[in-house]
Amino acid sequence: THDTASWQAADAAHFLHPFTDFQQLAQKGSRIITKADNLYLTDSEGNRLFDAMSGLWCVNVGYGQQSLIDAAAHQMKELPFYNSFFQTTTPPAVELAQLLAEVTPPQFQHVFYAGSGSEGNDTVVRMVRRYWDLQGQPERQVIISRWNGYHGSTMAGASLGGMKYMHAQGGLPIPGITHIDQPHWLEHGAGMTRDAFGLKAAGWLEQKILEVGPDKVAAFIGEPVQGAGGVIVPPATYWPEIQRICDKYNILLVSDEVICGFGRTGNWFGCETMGTKPDLMTFAKGVTSGYIPLGGVMVGDRVAKALIEQGGEFEHGYTYSGHPVACAVAIANIKLIQSLKLVERVRDETGPYLAAQFAKLNDHPLIGETQTCGLMASMQLVKAKDRGDGHPAMFDSALEVGMLCRGHCFANGLVMRAVGDRMIIAPPLVMTIAQVDELMGLIHKCLDLTLGDVRA
Ligand code: PLP
């Protein structure tokens, strides 16, 4: 067996981590998480941490749920693997497809399975282009997405995403993908009401469509609430206007529900919270609460009809498309979300309570803006609340105030993420009101410690 130091040495010697500075990892060592239960992680030093990020936005039902564990063990014994290529299937893959058709909005009666959110979005790129081919409009190739959005790490996923530091490695984006700015009021909305800004930001889509040529645009894709970009909750006017523009130009609307799906926003899917009717919907993460990898695309009637009735083969698929063990865990997970009434709890109880607590954070001298949507929330750390035009003054990014705050969180038993100077959370949906209070106590403590550093 290993102790912390020997785990860290072996880790640094052999494991190339995703999105990790290799030099820093070698110097400081990784934090080693060994166990978890409910909302709490335990590390190799025996520290207990409140996991306000649900792992990577995925452990919606919390850790240690026996019904998911049993579902995996049972299916492993029954049939650990069989594929879904070439006209074969397995009972869990069929049962999950049926269940997904029930819990998703009515236009979704079909699913295409993948192994992750990235693979789901790669599927989206090929599927929308295939759709327009079948419509006799093969020149409709261009997909519009948003700067600072996150859609995964494969070539197509990272291209759809708008993280410029990702594009800089590997010659991205791939051809036929173009971006518009995000509906981030703090960044782009100075001098405007949020609602007026929401309409303006949606208007950028129309401008881009006209610039590309409406007959060349295949689809628009976005996260209902931008997650990795900093939990940017769009103004209420934004998504309805995006829907109107997509309808006007007959463009497919794709909702990336990898984070927002399965209850996160207080509805089953983020598009329901935002009032859109997407043609395709990417999912992953919360579909299994992260207990096992699974992702995919919900395919709306318009696209499904074309694929099925005009189609022949869609030349696409993954070994693990419809993996029986992953599907069995997803079924158990969805049934648990239903029986614990987690979506209703987020919508009616914990979501509104968290929103009220976050609103109070605006009294803290470090906080310039807070936003919540269901159980995802963000707070912007700022130098001054008003620089003179109603907008806050930001810190010099070189000060890395967000990272300072994140350090205090770790040291005090809280996992919270920093996106620049924006602190974000997305706790498990099983969180109780008492646990919201516990979380807010930790957040206040860490903000005060950060304020002490900034003033020193
Ligand atoms: N889409 C969104 C909105 C995401 O947040 C993520 C992951 O964080 C992905 C896609 C990619 O999913 P995966 O990491 O499972 O490939």
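The numbers here are math on the coordinates, done by the rules we state, and not lab data. These figures come from a predicted structure and were not determined experimentally. Please note: Cβ atoms are built from the backbone with ideal geometry, for glycine as well, and neighbour counts cover all protein chains shown.
Take GLU139, GLU309, GLU206 and order them by how many other Cβ atoms sit within 10 Å, fewest up front. Can you show the working numbers first?
On the way: GLU139 12, GLU309 8, GLU206 18.
Ranked by crowding around the Cβ, least crowded first: GLU309, GLU139, GLU206.
Using the Cβ-Cβ distance between GLN98 and TYR249 with R0 = 51 Å, the FRET efficiency computed as 1/(1 + (r/R0)^6) comes to roughly 0.90.
For THR237, what is the net charge nearby, where nearby means another residue's Cβ is under 15 Å from its Cβ and Lys, Arg count +1, Asp, Glu -1? So the surrounding residues net to 0. A P(r) calculated from all alpha carbon pairs of region 67-339, with 10 Å bins opening at zero, reads 7, 30, 36, 20, 6, 1, 0 percent. Each residue of region 325-336 is assigned a 3J(HN,Hα), and the resulting list reads 5, 4, 5, 5, 5, 4, 4, 4, 5, 5, 5, 5 Hz, derived from the Karplus form 6.51 cos²θ - 1.76 cosθ + 1.60 (θ = phi - 60°), x at Gly and Pro.
Applying 1/(1 + (r/R0)^6) with r as the Cβ-Cβ distance of ASP21 and GLU187 and R0 = 30 angstrom yields a FRET efficiency of 0.75.
Using Cβ contacts closer than 10 Å as the measure, can you line up ARG129, ARG31, ARG422 from fewest to most?
ARG31, ARG129, ARG422
Kirkwood-type hydrodynamic radius, region 1-59: 12.6 Å, calculated from all non-identical alpha-carbon pairs. I'd like the distance between the alpha-carbon centres of region 1-56 and region 318-397, rounded to an integer number of Å. Comparing the Cα centres of region 1-56 and region 318-397, I get a distance of 24 Å. Between PHE86 and ARG302, the FRET efficiency estimated from the beta carbon spacing at R0 = 25 angstrom works out to 0.40.
Legend: ranking of residues TYR82, TYR150 from fewest to most surrounding C-beta atoms inside 10 Å; resulting order TYR82, TYR150. Over the chain, the pair-distance histogram of Cα-Cα distances with 10 Å bins from zero comes to 4, 20, 30, 28, 14, 4, 0 percent, rounded to whole numbers.
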